[in-house]
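J.: Structure incoming, see below.
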């Protein structure tokens, strides 16, 4: 009996030793395109708070400046996910390659959840958007931003020719407003907050997509979100599902603890550390949690894009909402 006990004790000890010697199972790597602006916050929260790790995922960040580079990388298979992809550009990509951008989560932009806005130099006499007549304006790069900027200006009675507007890399917005190269512009956060902090510009009006394109300050504009490629979903469905689970944890944390969450903007995005506490926070929604009204407003925004020619035809947004 003693010999038998010693034998099995030895087997158990050997099993423990072998288990300790084996390497831990490798985390599943996912390549993610990241545009380091404030709306990419969920990616940094998921990574830095360990939500990806909890789902056994190792995100490989590929820094891509703007929507077009993210779209190109998704279409060519260089990335499997985009942390923040403009929905107009994502839907345009879906017309070219159906399913290349399937949104697992989107974020709300309006007067309360500020992202896009028109800013003017601090000493400008402009009080309303109509006062931008005759001014030299800049816009965030990409066809969707230019379309939105022009549509908002048209809504207040300004037609092309009443102003000049140039696309400009968003990383340059603060510099050109500081130097006085432009009188005003259509910019995104955290640039507007940084300009206000430096005293070089002030916000003339924010939440302009909701107000002028969707028709209400309280409307919810779904202008961007996190998207996965259909190839990624089809080839590694379990990994894609776990990626979405980590993303949902990040959105929940941000929505419930905005003040704590915004600290992850520092060092991860273009947001200066002394501006972090003043950057407006967006409201984030998983695709599976969108209400019928929210889907209707999302569709309205995409239909607008088709009506002005930014999209060559209408797109049914429900085909490109990924629910796990």
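The values are calculated or read from the model by the stated rules, or taken from the named source; none is laboratory data. Because the structure is a prediction, the values reported are computed rather than measured. All Cβ positions, even for glycine, are placed from backbone atoms using ideal geometry, and neighbour counts span all protein chains on display.
J.: Mind listing just one residue for me: the one in the range 179-190 that is touching a helix residue (DSSP H, G or I) at 6+ places or on another chain (Cβ under 7 Å) and either in the same structural domain as residue 35 (by TED's automatic domain parsing) or at pLDDT 95 or above (or both) and, of those, surrounded by the most Cβ atoms within 10 Å (Cβ to Cβ)?
T.: 185
J.: Residues that are without any contact (Cβ under 8 Å) to a residue 60 or more places away in the chain: list the strands (runs of 3 or more DSSP E) wholly contained in the range 111-194 that include at least 2 such residues.
T.: Once the strands (runs of 3 or more DSSP E) in the range 111-194 are filtered for at least 2 residues that are without any contact (Cβ under 8 Å) to a residue 60 or more places away in the chain, what remains is 136-140, 164-168.
J.: Scan the helices (runs of 4 or more DSSP H) fully inside the range 221-324 and keep the ones with 1 or more residues being under 30 Å from residue 150 (Cβ atoms) and out of contact with any strand residue (DSSP E or B) (no Cβ under 8 Å at 6 or more places or on another chain).
T.: Helices (runs of 4 or more DSSP H) meeting the threshold: 292-307.
J.: A further question on this structure: Residue 77 is checked against (1) outside the structural domain of residue 278 (by TED's automatic domain parsing); (2) in contact with a helix residue (DSSP H, G or I) (Cβ under 9 Å, 6 or more places away or on another chain) and fails just one. What number does that condition carry?
T.: So residue 77 meets the others, but not (1).
J.: Count, please, the residues in the range 109-141 that happen to be out of contact with any helix residue (DSSP H, G or I) (no Cβ under 8 Å at 6 or more places or on another chain) and buried (at least 18 other Cβ atoms within 10 Å of the Cβ).
T.: Summing the residues that are out of contact with any helix residue (DSSP H, G or I) (no Cβ under 8 Å at 6 or more places or on another chain) and buried (at least 18 other Cβ atoms within 10 Å of the Cβ) in the range 109-141 gives 2.
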